[in-house]
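All remarks here apply to the structure that follows.
The values are calculated or read from the model by the stated rules, or taken from the named source; none is laboratory data. Note that this is a predicted model, so its numbers are computed, not measured. Positions of Cβ are generated from backbone atoms using ideal geometry, with glycine treated the same way; all protein chains shown enter the neighbour counts. Ligands, DNA and RNA are stripped out before the accessible areas are found, and what is left, the full protein with its side chains, is counted by its heavy atoms. Shrake-Rupley method; radii C 1.70, N 1.55, O 1.52, S 1.80 Å.
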Amino acid sequence: MAFPATWLDLREPADRQARDGALLQKAATAAGPCPLIVDLGCGTGATMRAMSGLLPGGAHWRMVDSDPDLLARIPAGDGITLHPGDLGDQARLPLDGATMVTASALLDLCPAYWIADLAVELATRSLPFYAALTFDGAMEWHPELPGDAAVTAAFNRHQQGDKGLGAASGPEAATHAVELFDAAGFVVHSAPSAWQLGPDQRELQVELLQGIATAAAEAGCEATKTWLQSRIAAIAKGACRVGHTDMLALPPRAA
Ligand SMILES: C[S@@+](CC[C@H](N)C(=O)[O-])C[C@H]1O[C@@H](n2cnc3c(N)ncnc32)[C@H](O)[C@@H]1O
């Protein structure tokens, strides 16, 4: 599944605003005095940028993604290495020597088995895991419009389709991740990190609505075209909330 850099650029300020600040700070601390962080599904490096001011100087990053166009936008060198590859093969993840693993806007694309395997692997290595901005299935608009609930339900069904690693966790990812990392022995902290979008974020909202409508139509929802037109028309005087969850899983030694 491809994520255009234009979409990642568009969402990054909203993501930055939505991240739970206390959890982000706690994650930066958990990375230790000489951080070597492996960012899974790094895209163009949003998590690295979000954490950069909070880490001690000299932090190293290993950026893992299957999309070479996104990796090409990351300035490699100076402690940053690029690792093109598929996350499906967890045995090949560059985890040796790492002090922390991160991800953002990724877990809802991943099947429960993949999250469970990752939890076991990171527990074996006693590595903290910071996973931000996992979509939780909740979308609300004001004013409400007919079709909101049906489109949301269809979109969430679509989110549970195969995004490359098998049937994705979609809206259940955040809950699954907390349970699976807890079961693997981590001390798990989580916090809401919803997007709260207003008329000022029109471009992001239009792109978001188009993506939702396309996915909902693919999942069998009818009348998404009318819904999309009405929703776009309502942006100027409305508000939108998209639910996300941030999670920090700490191995017992770091909790
Ligand atoms: C929604 S984007 C998030 C990107 C970035 N973490 C951010 O917050 O802006 C999901 C990222 O995961 C990557 N990705 C998805 N499935 C993957 C897989 N199986 N192997 C490697 N990367 C994958 C995509 O290429 C994309 O960069």
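Looking at this structure, is G57 small (G, A, S) and in contact with a helix residue (DSSP H, G or I) (Cβ under 9 Å, 6 or more places away or on another chain)?
no
Hey, can you tell me all the residues within region 1-25 that are within 13 Å of the ligand (Cβ to nearest atom), open to solvent by 30 Å² or more (accessible area, probe 1.4 Å) and part of a loop (DSSP other than H, G, I, E, B)?
Result: M1, A2, F3, P4.
Could you check region 139-176 and list, in sequence order, the residues that are open to solvent by 50 Å² or more (accessible area, probe 1.4 Å) and polar (S, T, N, Q)?
If the condition is that a residue be open to solvent by 50 Å² or more (accessible area, probe 1.4 Å) and polar (S, T, N, Q), then Q160, T175 are the ones that fit.
Filter region 98-111 down to the residues that are more than 9 Å from the ligand (Cβ to nearest atom) and part of a helix (DSSP H, G or I) and list them by number.
If the condition is that a residue be more than 9 Å from the ligand (Cβ to nearest atom) and part of a helix (DSSP H, G or I), then L107 is the only one that fits.
Cβ-Cβ under 6 Å, sequence separation 6+ or interchain: first residue in region 163-186 and at pLDDT below 95, partner surrounded by fewer than 17 Cβ atoms within 10 Å (Cβ to Cβ). Which pairs?
Short answer, once both residue conditions are applied: K163/M1; G164/M1; L165/G88.
Can you spot a residue in region 112-121 that is within 24 Å of P252 (Cβ to Cβ) and near the ligand (Cβ under 10 Å from one of its atoms)?
Yes, some residue in region 112-121 is within 24 Å of P252 (Cβ to Cβ) and near the ligand (Cβ under 10 Å from one of its atoms).
Is it the case that L95 is in a loop (DSSP other than H, G, I, E, B), more than 10 Å from the ligand (Cβ to nearest atom), closer than 20 Å to S126 by Cβ and open to solvent by less than 20 Å² (accessible area, probe 1.4 Å)?
Considered against the rule, which asks whether it is in a loop (DSSP other than H, G, I, E, B), more than 10 Å from the ligand (Cβ to nearest atom), closer than 20 Å to S126 by Cβ and open to solvent by less than 20 Å² (accessible area, probe 1.4 Å), L95 comes out as yes.
Report, by residue number, each residue of region 26-68 that is assigned to a strand (DSSP E or B), touching a Leu at 6+ places or on another chain (Cβ under 9 Å) and away from the ligand (no atom under 14 Å from the Cβ).
H60
Can you pull out the residues in region 77-92 that are open to solvent by 60 Å² or more (accessible area, probe 1.4 Å), away from the ligand (no atom under 13 Å from the Cβ) and touching a residue at least 12 places away in the same chain (Cβ under 8 Å)?
Passing the criteria: only T81.
Of all helices (runs of 4 or more DSSP H) completely enclosed by region 128-243, which ones contain at least 3 residues that are among the polar types (S, T, N, Q)?
Helices (runs of 4 or more DSSP H) meeting the threshold: 148-159, 202-218, 224-234.
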